[in-house]
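The values are calculated or read from the model by the stated rules, or taken from the named source; none is laboratory data. Since we're looking at a predicted model, the values are computed, not measured. Virtual Cβ from ideal backbone geometry, glycine too; neighbours counted across all protein chains shown.
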């Protein structure tokens, strides 16, 4: 990711899921002088970011940052001692704690 792409993504991350027009991105993602020199400097970069999957575009042609989907890790026991204590208590914790992890046997 080059500096222009990073500036655009940083600006769109600050708008928290709201769609922003390309003119507004060109105006605010970089300095005032850059917008005055070339009013459409960000358009090819925006299209590239949409193709890469970093940005979303709506029907009106406005853009927003597409948040990364975090993969949830399987739930694990804190330690084998805690596991033994909870299992000997006679209560079921399957709905709270999932079974999985490397120490399962």
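Looking at 27, 48, 34, can you tell me which residue is assigned to a helix (DSSP H, G or I), in the same structural domain as residue 10 (by TED's automatic domain parsing) and in contact (Cβ under 8 Å) with a residue 40 or more places away in the chain?
Just a single option satisfies the conditions, and that option is 48.
Do we have residue 19 as in contact (Cβ under 8 Å) with a residue 12 or more places away in the chain, surrounded by 10 or more Cβ atoms within 10 Å (Cβ to Cβ) and out of contact with any helix residue (DSSP H, G or I) (no Cβ under 9 Å at 6 or more places or on another chain) here? Give the steps one after another, and end with the answer.
Details: in contact (Cβ under 8 Å) with a residue 12 or more places away in the chain: yes; surrounded by 10 or more Cβ atoms within 10 Å (Cβ to Cβ): yes; out of contact with any helix residue (DSSP H, G or I) (no Cβ under 9 Å at 6 or more places or on another chain): yes.
When the stated conditions are applied, residue 19 passes them.
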